[in-house]
Amino acid sequence: MNIATSDITSANRSSYNAGDTYVGTLLWFGIGGRNLGFISVLGHPKDTVLIHRRQLEDVGIDPQLMQPGVRIRFVAKVGRKGASAASPELVEVEEGDASAASPEPVGTWLKGTVCYFPVDGSVFGFIRPDDGSQDIYLHISAVRASRVDPYKIYQGVRVRCTVRRLKPQAGRKREVDKIELIK
């Protein structure tokens, strides 16, 4: 199953006010040579917003800095396909920022939905937790170590997982440690 821009953005057509400023966390950028990515917006846990390479370059941000977990402030631009980010700026995550912290202790099982995991040879994706917290990075090695068939992990599949925290230099806060399919 491949992810399509219109599939993601169609859900957020009325969720944002054009011209308002929002803050979110980058889910992914530039996968498969694409010049775009998606932001999970704080306060809108079920929606994503498109960010294009052009918007980054217009304000002097190097697209190479765009790693999953980067915090971005942007102005919403709403078009016929949904919301996109304009005038982006990178935001430092303050120590003790409650919105960046994980509410659960390491090793706790969380339920969620796979919001991105391509079967085109890519090795990572993301799980959106049911509790609305920041998306969790999912690497193919965790899927294999959990003895789950990678072809059964795709967008929309319900899973439960445990997480491990990463060092801040990794650019993301949490990564899946173990994963199971919810039947």
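In the range 51-70, the residues that are touching a residue at least 24 places away in the same chain (Cβ under 8 Å) and on the phi < 0 side of the Ramachandran plot form no Cβ pair under 7 Å with any partner that is in a loop (DSSP other than H, G, I, E, B) and loosely packed, with under 12 Cβ neighbours inside 10 Å, whether six or more places apart or across chains.
Restricted to the range 132-183, the set of strands (runs of 3 or more DSSP E) holding at least 1 residues that are among the basic types (Lys, Arg) and at pLDDT below 85 comprises 158-165, 174-181.
For the range 1-90, no strands (runs of 3 or more DSSP E) sit wholly inside it while including 3 or more residues that are more than 28 Å from residue 139 (Cα to Cα), over 14 Å from the mean Cα position of the chain (by Cα) and at pLDDT below 80.
The values are calculated or read from the model by the stated rules, or taken from the named source; none is laboratory data. What you are looking at is a predicted structure, and each value in this text was computed from that prediction instead of being measured. We place every Cβ from the backbone using ideal geometry, glycine too, and count neighbours over all the protein chains shown.
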